[in-house]
Amino acid sequence: MKSRAVLAAVLLTLASVARADAVSALRDFAREVKSASAQFKQTVNSPDGKRSKSSQGSFEFQRPNQFRFAYSKPFEQLIVGDGQKVWIFDPDLNQASSRRMNQALGATPAALLAGGNLERDFTLKALPSEGGLDWVQALPRQADGGFQSLKIGFKGRDLAALEIVDGFGQRSRLDFSGLAVNASLPADRFRFVLPAGADLVEQ
């Protein structure tokens, strides 16, 4: 919500309420949403803002620490967290890598959405509304997530976007659509089976 000259005091009051509600929305989301699925579009911008690339796919999670990112365009890639390990599979290379969950997750965006303890891992700060969304900044309590900043955007009480700046200054934004919460998700959605003939690199 942007303050304007007319009714500035009223608008500032409304902005303050909206920002507080965004923090509450994230806390409610972390407490009440045990599973969810959505489509996403991702835009990645270079640190200087001159180059960008786009991708899209689907996202699912189930607490605690189970998630699935399935990129479909422009290239396929699958990222699965099964609660014990995080698996990344590249069909074009027919290669998978795995890493233990406690080493790979840390205070990352996936941990924020699918992790078990929001308040333990992150410090939350309300930000001004922008682009029709109410934003919350989540700062990792331990700087081990490999990123500089993380923002979460809500439209009302619904998760709408994530914006991440990584350790190199690269900015990624995911916009979600078709969000379905607390739906029953098959257990095999969060189980990775190495395809026949695929190489595996364990980290």
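Stretched out straight at 0.36 nm per residue, the stretch from LEU93 to LEU127 would grow longer than its current Cα-Cα span by 8.1 nm. Here the dipole of segment 8-202 is about 240 debye; that uses its Cα centre as origin and unit charges on the Cβ of Lys and Arg (positive) and Asp and Glu (negative).
Any idea what diffusion coefficient segment 8-202 gets from Stokes-Einstein, in µm²/s, Kirkwood Rh on alpha carbon pairs, 25 °C, 0.890 mPa s?
It comes out at roughly 140 µm²/s.
Couplings 3J(HN,Hα) of segment 169-185, computed from phi: x, 6, 9, 10, 10, 10, 10, 9, 9, x, 5, 10, 10, 6, 7, 6, 10 Hz, in residue order, whole Hz [Karplus 6.51 cos²θ - 1.76 cosθ + 1.60, θ = phi - 60°; x for Gly and Pro]. For the residue pairs LYS50/LYS151; LYS125/LYS155; LYS53/LYS125; LYS53/LYS73; LYS85/LYS125; LYS41/LYS151, the alpha carbons lie more than 19 Å apart in LYS50/LYS151; LYS53/LYS125; LYS85/LYS125. Extension gain, GLU32 to ASP48, is 1.9 nm, computed as 0.36 nm per intervening residue step minus the present C-alpha separation. When each of the peptides 174-180, 150-156, 72-78 is scored by how many other beta carbons lie within 10 Å of its residues on average, the order from highest to lowest is 150-156, 174-180, 72-78. Taking θ as phi - 60° and the Karplus parameters 6.51, -1.76 and 1.60, the scalar couplings of segment 27-42 work out to 4, 5, 4, 5, 7, 9, 8, 8, 7, 6, 9, 6, 8, 9, 10, 10 Hz in sequence order, x denoting glycine and proline. With 0.36 nm allotted per residue and the present C-alpha distance subtracted, the SER58-ARG141 stretch has 27.0 nm of extension available.
Arranged from highest to lowest average of other beta-carbon atoms within 10 Å per residue, in what order do the peptides 130-142, 47-59 appear?
So the order, starting with the most tightly packed, is 130-142, 47-59.
Label sites at ARG100 and ALA183, each approximated as a point 7 angstrom past Cα along Cα to Cβ, lie 3.5 nm apart. For SER149, nonlocal amide neighbours, meaning residues 5 or more places apart or on other chains whose placed amide H falls under 5 Å from its own, are VAL165.
Read-outs: derived from the displayed coordinates by stated rules, not from any lab. Not measured: the values here are computed from a predicted model. Neighbour counts are summed over all protein chains in view; Cβ atoms, including those assigned to glycine, are modelled from backbone coordinates with ideal geometry.
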